[in-house]
Amino acid sequence: MRFARELTRINLRPCSNWFALAGLLIAASLLSGCLSRTPLKRESFNFAVPQTTTSSSSDRERVLGVRSIDIASAYQGRLFVYRTGDSSYERDPYAEFFVSPAESLLNAIRSALRESGLFQAIADRGSLVKPDTLLEVHVSQLYGDFRDPKQAAAVLSMRFVFFDAPNETPGRVLLQKSYSRRIPFKTRTAAALMTAWHQALAQNLTDHAANLKKRHL
């Protein structure tokens, strides 16, 4: 990843700079940073809809609207974020979300809740179906942890807040829960990190569904 930054600083004027550029490209192909990949190949990813346990919706009366997905500022950008030390992070210019991580998570979470059967309906943006319950999701951590050279991990921490909203505006808090997962992965690639994030999201949503059933929202 550091080689990619050096490439952007080179002014392609004299021939000596062309030799320097060639040297950096060769070095980048031989040395590995956080991830293993074909040099200079950009990759884009999205969160998929996690598989969740389906519940009968015959006795569910609430209509849910997902109000917002709020992601901590350090992870709001489309570029993947890697933790390389206790207080050091890097962004990968060659691995990114296809859309913003907030939008990617919003689509996956809304679809998973719709398929779960925990609500009578899930209201989409602009839908004539009016929600009486609102959900806010706050993501505090979304990064690949590469501090241990032998064991990389995907980290996803999130908090779900449900509001009663009889007039389509947030009222009393019905349920507030936080969930966090750290999923190890062996192959140090962006694709492997994305797969681990999928697993983290699925496990967080599974725990969340269990809490929803207990509260009988």
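A few notes on this one:
- By the rule of a C-alpha distance below 17 Å, with chain neighbours fewer than 8 residues away ignored, the lysines paired with K214 are K177.
- Its Cα gyration tensor gives region 156-217 an equivalent ellipsoid. The semi-axes, each the square root of 5 times an eigenvalue, are 31, 12, 8 Å from largest down.
- Loop-resident chymotrypsin sites (Phe, Trp or Tyr not before Pro) (DSSP state other than H, G, I, E or B) in region 63-135 with no more than 15 further Cβ atoms inside 10 Å of their Cβ: F98.
- Evaluated at q = 0.30 Å⁻¹: base-10 log I(q)/I(0), Debye formula over Cα of region 62-121: -1.22
- Amide hydrogen neighbours beyond the local backbone of E43, cut-off 5 Å, H modeled: A95, E96
- Potential extension, D86-K186 segment - 0.36 nm per residue separation minus Cα distance: 33.9 nm
- Estimated at the nearest 10 Å², the accessible area of S127 is 40 Å² with a 1.4 Å probe.
- Label-point gap, in nm, between Q199 and K177 - each point 7 angstrom along Cα→Cβ: 2.2
- Shown here for region 109-181: trypsin sites (Lys or Arg not before Pro) in loop regions (DSSP other than H, G, I, E, B) with at most 10 other Cβ atoms within 10 Å, namely R125, K150, R172.
- For region 67-195, alpha-carbon Rg relative to the globular expectation (2.2 N^0.38 Å, N residues): 1.21
- Between the alpha-carbon centres of region 153-173 and region 104-148 there is a gap of 9 Å.
The values are calculated or read from the model by the stated rules, or taken from the named source; none is laboratory data. Keep in mind that what you see is a predicted model, and the values were worked out from it rather than measured. We place every Cβ from the backbone using ideal geometry, glycine too, and count neighbours over all the protein chains shown. Ligands, DNA and RNA are excluded from the accessible area calculation, which covers all protein heavy atoms including side chains. Shrake-Rupley method; radii C 1.70, N 1.55, O 1.52, S 1.80 Å.
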